[in-house]
Each structure stands twice: as structure tokens, then as C-alpha cells.
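Following: one structure in C-alpha cells, then a few remarks.
Rule-based calculations on the coordinates, nothing more; no lab input. On a predicted model such as this, the values are computed, not experimentally measured, just so you know. Every residue, glycine among them, receives a Cβ derived from its backbone with ideal geometry; neighbour counts consider all protein chains shown.
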Amino acid sequence: MSPFTPSQQTSAMLAVVWTRNRDLLLHRLDTIDAFSRQLPGSASDQELRSQASGDAHKLAGSLGMFGLSAGTAVARDIEHRLNDSTPDELLAADIPKLAGNLRALIEAFQVHVEEPAPERRRRLLIVENVPHIAQGIFTAAEKRGIEPRIAADLSAARQALQAEAFDVLVLDLATATLNLKSMGEDHADQVRDLVLSRAPMQVLALTSVDTFEDRVIAAQVGAHGFLPRTVPFTEIVDTCEHLLDLQAAQFKVLTLDDDPTVLGAIKVILEQHAIRVTSLSDPRLFWNALEETTPDLVILDLEMPNFSGLELCRAIRSDSQWNRMPVLFLSVNSDAQTVTSIFSAGADDFVPKPIIDIELSTRVRNRLDRDRLYRTLSDYDQLTNVRNRRSSNVVIANYLRLAERHALPVSLVLVDLDKFKRVNDTYGHQAGDDVLTYLGGLLQQSFRSEDVVARWGGEEFVIAMFAMRRGDAIERVAYVLERLEEHEFEPSAGTRFRVSFSAGLAEFPDDGKDLHTLYRLADEALYRAKAAGGRRIYAVEPEESAARSHTDVAIVSPNVAVSAPLRRLLEMRGYSVDLYQKAEDAIQELAGAGSHLRARSVILDEFPGSTTADMVQRLRRESSEPVPAIFLLVSGESSADPALEGLERVAKPCKSALLVQRIRRALAR
């Protein structure tokens with residue numbers, strides 16, 4: 001754990017950003033100085049005047065972020081005079097003196113960094129005047145390694161919050177004298193101001209009666225969670241830990257501003273609150289960056305070259321893929337007309353420059369938390385917690401566009417539980433729901449965070465794997481199938497069952513270039529997998545292989561304990577497999593097609609005596625080009641018979657991943 005508190009970390013990082021950008025800030029004064037030296041003639045030079053005004057505007061927006069509010073005031077004064085004054089008024093305003101004062105402020109300024117605090121445990125402040133409740137929460141928190149403290153009233157809580165930092169606050173609304181009577185007074189506003197001043201502290205509100213009015217009050221004071229105080233103390237502490245986990249969840253934000261100083265400061269402020277920031281200074285690259293980063297929220301500057309923030313916001317709101325994404329604006333101008341135009345363009349929020357650390361982080365974090373809750377309810381299947389069909393369509397379509405742009409593959413897989421109706425009919429619908437819930441969780445655990453896992457209805461799931469070829473995708477799905485088949489469901493005492501699924505796979509762009517085509521082809525492959533008996537994964541079949549009568553793999557082994565698991569391993573991955581226990585039967589069947597063997601590859605187990613070598617010689621003699629790949633299963637010291645030279649040897653017991661990789665490579669040749 002870092003010895004710095006979030007505010008100390010922020011000030012330390014802002015000091016670095018200030019040092020890196022100080023010369024740039026001073027350079028912006030050069031334009032204003034050049035304009036001043038050429039007065040009164042420069043007053044009629046609209047280009048030079050506009051450039052000087054623009055640099056003053058940027059200085060007004062960035063200096064306050066570092067705590068130089070006096071500099072913001074001077075820069076804003078210069079900007080207004082440059083925009084609104086006549087040449088005579090500019091001379092009387094003494095712009096050179098104002099610019100000189102601003103330069104002196106910048107040159108003398110340093111960001112103050114506090115000394116790091118010693119490392120500490122997470123802290124909980126309990127505002128509760130019922131002793132047994134306060135002590136119960138206190139004890140439960142201590143057992144979790146949380147450092148608790150009790151305040152018997154709001155005054156004591158205020159003193160505690162001013163004296164030290166807390167990570168989470170449990171606030172009994174009755175103890176804080178927050179009720180319907182106080183709603184008309186300013187008491188709730190005072191509590192809210194106190195809470196927000198300690199952000200990112202999480203707040204859990206407790207009430208004696210769970211009513212809608214109490215929930216309104218909890219929301220009014222900025223609470224992040226709400227519980228009746230009658231619940232077990234351990235549940236209260238559980239909820240506190242959950243709120244802290246949510247606070248730590250990392251969001252993605254794309255911020256666009258043509259001022260690199262502002263971009264650097266925003267990045268520092270937000271990344272101290274577990275928000276990953278992508279910074280962009282050129283509006284012309286905005287749409288590409290949007291698709292590449294898929295942010296949870298966008299921060300736009302109002303005034304930029306080439307495209308304004310308003311134009312970009314309207315473009316976002318007119319696009320079906322992005323129109324629900326939160327958009328927050330930054331601007332030095334906060335007049336009514338500007339704010340109205342911002343919200344008319346579709347913005348969700350507006351933060352005036354200069355940006356205050358706590359205001360920006362609180363507004364962004366609250367907006368992200370609310371949006372994530374909304375998306376969880378509207379974009380995710382409530383039973384399985386994976387995406388639903390509508391939201392996954394949007395994400396997969398974006399993946400296909402990115403894949404086309406970067407010449408990368410995308411594997412689309414349809415997963416459908418085998419004989420699922422029988423589960424519902426035999427064990428009941430609750431057992432069926434348990435199966436779906438387990439499979440949804442298993443799929444989420446087994447795929448990368450960037451992969452799309454969705455339930456498209458009933459027992460059908462869809463997985464989209466970005467930058468994943470079909471062979472690797474099949475291996476990932478096969479791993480899930482093996483895990484699922486190992487799991488026993490127990491709907492009632494003494495009753496157990498297992499389930500499996502079948503899957504169909506199509507790959508972009510080889511099989512199709514749009515979601516509709518990929519889904520149709522994957523569905524056809526799924527149908528073939530079901531028709532073959534289920535419990536397997538089939539990919540789209542190339543035209544040349546669809547007309548081919550050859551078996552993919554022939555397994556020749558006298559030992560069923562060896563051949564049966566191998567057959568299952570390969571059939572699960574969509575390969576056609578024939579089994580032979582006798583060498584002579586294998587030769588007659590495989591060579592019966594004439595000059596070509598009926599198998600594209602052969603896995604040959606060791607037979608007694610010279611049978612193995614004789615069989616290899618006959619296989620080679622009976623086949624023409626291309627000679628099938630022959631894999632020899634060996635245990636211990638393998639034979640040095642010259643007839644076995646050149647074979648791919650596989651040690652027993654076989655490592656499934658290695659064998660499948662070698663088979664796949666051989667069949668691809």
C-alpha cells in the first residue's frame with residue numbers, strides 16, 4: 001500500500017505535471033507579449049489578437065487546476081479585454097503590465113506536496129448513538145482488519161472527519177437527525193457538503209425503517225448504499241467492503257482537450273480514483289480513439305480547433321452504438337448561453353474550468369457508478385450475469401469494425417446446452433436455472449476480459465473472441481466443455497446429474513464479414529455438432545473438406561483405455577475419428593479406398609513384436625502423396641527399428657494440449 005493518501009498522491013503527481021508544462025505555460029505568454037508590444041497597431045490584427053486571446057483562454061483554464069487561482073483571474077481578465085475592448089481601451093488596460101504580473105506568478109509558483117502519511121489500515125467511521133449497534137459494527141469491522149471509530153453524534157463525526165481520513169462512513173440517519181422534518185432545512189445540505197468534502201470516502205446510510213422517504217434522504221446526503229440498521233452487523237460490514245471494492249473497480253475515460261497541461265492534470269486527478277485515462281489532443285482522431293478504447297465516459301473540451309466539443313457530442317448522440325455513453329464537458333465559459341448549448345447537444349454534465357480536484361473526481365465517479373448500475377440492469381442477463389443479446393450485438397459489431405481495420409480475426413462461437421429440456425423436465429426449472437447460472441459464471445471465468453460472453457436466449461450463449469484464430473478458439477471452448485462435464489449438479493439430496501454442450505464456430509473474415517453471416521454459419525456448424533451426438537465443437541467446414549470422405553484421425557490401438565479418451569479428446573474438438581483395435585483391420589479399412597488412405601492422419605499405438613513396424617511399412621506402401629501424418633504412441637524406451645524412423649512420437653500418457661496442437665498442425669499441411 002502506498003504511504004500517500006489519494007490527495008497527497010494527486011498533489012505529488014500534479015507537481016510533476018506542473019514542472020513538465022511550466023515552460024509551455026510561459027510560452028503562451030509570449031504571444032500576449034508580442035501582441036502588447038505592437039499596440040496600438042496589433043489591435044486591428046484579428047489573427048494576432050485571436051491567437052493571444054486563445055492563449056489567455058488556455059492559461060485561465062489550466063492554472064487553477066494546480067492551485068494558482070490568482071493566475072486564473074489575471075488570465076481571464078486579459079482574455080476578456082482582448083475579446084471585448086477597442087484599441088483605445090486596450091491601451092488604457094495596460095495589457096503588458098497584466099501579462100508581466102501573470103508571468104511573475106507562474107515563475108514563482110510551486111505545487112505544494114504534503115509529507116506522506118504512514119501506512120495504515122482501511123478506516124471506518126460509525127456515526128451511531130445506539131451503543132449496542134455501534135459496538136456490534138465496531139467488533140465486526142475489527143475482525144475484518146478494518147480500523148473502526150465511533151462518533152455518537154454529527155458534531156463528533158465532523159470533528160473526526162476533520163482530524164483524520166476515513167475510507168467508509170456508516171451514517172445512521174436518525175443519529176444525524178435527518179428525517180422528513182429536516183428536509184425543508186439546510187441540515188441535509190450541510191451533511192452532504194461534509195460527505196463530499198471527504199471524497200472518495202464511501203457512505204453507507206442506516207435507517208430504523210426502510211421507507212422511500214429515507215432512501216431519498218440517503219441519496220440527498222450523497223450515500224452510496226442504504227440498509228436498515230436491523231440487519232446483522234456482519235452484513236453491514238460486508239456492504240462496506242463491497243462499496244470499497246466498487247470504488248476500486250477500474251473505469252475507462254477518454255478525455256479530449258487541445259491543451260496538454262489540462263490533459264496531464266485530468267489524468268493525474270482521475271487515475272488516483274482507479275480510473276484509467278486515455279488522453280487525446282487532436283479532435284480529428286477522436287472517433288478512432290473512441291472505437292479503440294471503448295471508454296465508459298468521455299470528457300470533452302468545448303472550444304477546440306477543427307471540431308468543437310459540441311459537434312463531437314452531437315455525433316456521439318446520433319450514433320446507435322455510443323448514444324448512451326456519458327459525456328462530460330469542460331469549459332472556461334460558464335454563462336447561461338454556453339451551458340444551455342452544452343446540454344442541448346446532449347451532454348450529461350458540465351464542469352467549469354479551472355477544474356477543482358474534488359469536484360471533477362466526484363462528478364466523474366458518480367456518473368460512472370450510476371451508468372454502470374444502469375448498464376448492469378439493461379445490458380446484462382439477470383440470471384447468468386453475462387451480456388444480453390442486444391448489448392452484445394453492439395460490442396461484437398464494434399469488434400468486427402476494429403478487426404477489419406487492423407486485419408485481425410474474430411472467432412464467433414455459439415454454445416448450446418445438450419438435451420437441456422430433459423434437465424427441466426426431470427429435475428425442475430430451478431435446476432435448469434442453476435445450470436444456466438453455473439455455465440454463465442464458467443464462461444466469464446474462462447475467457448479474457450476483452451472477449452464478449454452473452455446469453456442470446458434459452459440455453460444458447462454466444463462468445464466473440466477478438467484477435468483469436470479458430471484453432472485457438474476451439475481449444476478455449478473445449479476447456480470450458482471439459483470443466484462443465486466434470487461438474488456435478490445436486491438438485492436434491494441423493495440426486496446428481498451432469499450436463500454438456502455443443503458449439504459451432506465461425507471466423508471473421510474467412511467465413512463471413514458481418515455478424516449475421518457469422519452467426520448463420522456458426523449455427524449450421526452447431527447443428528452438425530448436435531447431429532453427430534453433441535458434446536463437441538464444430539467449426540465452419542470449408543467447401544473442399546465438405547466433399548471429402550476422409551476421416552481426420554484414425555486411432556489404431558489394442559487398448560481401449562488408451563484409444564477411447566483420445567477419441568473423446570479429438571471428437572470434442574470437431575475432428576472425425578475412427579477406432580481400430582486390430583492392425584490388420586486397420587490396414588484393410590484404411591487402404592480400401594485405393595491409392596489414398598481413408599485417414600488424413602493416424603495415431604498408432606505400440607503392438608507386440610514387429611506388428612507396429614510392419615503396419616507402418618504397409619501404411620506407407622499403400623498410400624500415395626500426400627503421405628498421412630503418423631503419430632506413434634510410445635512408453636519408456638521406444639523401438640529403434642528403422643521402419644519407425646521419421647514418425648512423430650508421442651509419449652504416454654498423452655498430454656492433451658500438446659497432442660491436439662500436433663494433430664492440428666499436421667492436418668493443416
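Placing R0 at 22 angstrom, the Cβ-Cβ distance between residue 528 and residue 579 gives a FRET efficiency of 0.60 after rounding to 0.05.
With a cut-off of 8 Å between alpha carbons and a minimum separation of six or more residues, what is the relative contact order of the chain in percent?
About 7 percent, as a whole number.
Looking at the square roots a ≥ b ≥ c of the eigenvalues of the Cα gyration tensor of region 322-388, which shape do they give, rounded for a/c under 1.5, prolate if a/b is larger than b/c, or oblate? Oblate is the answer for region 322-388, as a/c is 1.5 or above yet b/c matches or exceeds a/b. With N the number of residues in region 263-322, Rg(Cα) / (2.2 N^0.38 Å) evaluates to 1.14. Across the cross-link table entries 97/353; 421/530; 419/582; 267/513; 58/267; 582/652, which are compared at the Cα atoms, the separations over 26 Å belong to 419/582; 267/513.
Once the other residues with Cβ under 9 Å from the Cβ of residue 175 are scored (Lys, Arg +1; Asp, Glu -1), what is the net sum? Value of the local net charge: -3.
Working ranking of peptides 574-586, 351-363 by packing, defined as the average number of other Cβ atoms within 10 Å per residue, highest first, is 351-363, 574-586.
Report note on the peptides 71-82, 418-429: ranked by the mean count of other C-beta atoms within 10 Å, highest first, their order is 71-82, 418-429. Other residues whose C-beta falls under 12 angstrom from the C-beta of residue 137 contribute a net charge of -1, scoring Lys and Arg +1 and Asp and Glu -1.
Over the chain, what is the percentage of antiparallel beta bridges among all DSSP beta bridges, to the nearest 5?
The antiparallel proportion sits near 30 percent.
Sorted into 5 angstrom bins from 0, the C-alpha pair distances of region 1-108 split as 2, 12, 24, 21, 14, 10, 7, 4, 3, 2, 1, 0 percent. For the chain, place one equal point scatterer on every Cα, skip the solvent, and apply the Debye formula. What is log10 of I(q)/I(0) at q = 0.10 Å⁻¹? Those come out to -1.06, one per q. Taking 0.36 nm per residue of separation and subtracting the Cα-Cα distance, full extension of the segment from residue 335 to residue 517 would add 60.4 nm. Relative to the longest principal axis of the Cα atoms of the chain, helix 470-486 runs at roughly 80 degrees.
Take the Cβ atoms of residue 46 and residue 370, set R0 to 41 Å, and the FRET efficiency comes out at 0.40. Calculated on the alpha-carbon coordinates, the convex hull of region 389-545 measures out at 107 cubic angstrom per residue.
Computed on region 6-108, with alpha-carbon pairs under 8 angstrom and 6+ residues apart, the relative contact order is 29 percent.
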